[in-house]
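Structure first, commentary second.
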């Protein structure tokens, strides 16, 4: 299967502390194990294909190995990542930097992918456009096993050609 190595550190979630004992769900380091995951080789090929498509759409991939690792643990996110990035690129054009990064919360043990939208001159309707994209893909994102946030940090683009 690829995700479970010998002697995994499994933790079990048993529902709320109020006594709602649902089926125990095995977890490894905060991720739920999906027994219907595609093979490891299929996941690797899908991730590589997706990252190549993103680069062709001028999406900056910061710390590629971190993004790759997150996607390998969230295979249902792989298939919707490219369409979301393509839609974002079409809406904002080539003068906007789109940067895909793994965000790590410094206060709690939480990580998720973030697609940052960066412009030289910020559009007044930037957040409205970002919200429209998020709403357009809300169903797919809620069904995914990982998390993708589309946002801005109001930084200037870091690439010269943007």
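Shape summary of region 37-151, radius of gyration then Dmax from alpha carbon positions: 13.9, 45 Å.
Expected output is a single nm value to one decimal: the length gained when fully extending between residue 135 and residue 48, i.e. 0.36 nm times separation in residues minus the C-alpha distance. What is it?
Result for the pair: 28.7 nm of gain on full extension.
A simple spin-label model places the labels of residue 124 and residue 79 4.1 nm from each other, with each point 7 Å out along Cα-to-Cβ. Among 79, 74, sorting on how many other beta-carbon atoms sit within 10 Å of each Cβ, with the fewest leading, yields 79, 74.
Take every pair of alpha-carbon atoms less than 8 Å apart whose residues are at least six positions apart; their mean separation over the length of region 37-151 yields a relative contact order of 28 percent.
Any read-out appearing in this document is the output of simple, stated calculations on the displayed coordinates, not a laboratory observation. Note that the coordinates shown come from a computational prediction; the quantities given were computed from them, not determined experimentally. Methodologically, a virtual Cβ is constructed for each residue, glycine included, from the backbone with ideal geometry; neighbour enumeration extends over all protein chains shown.
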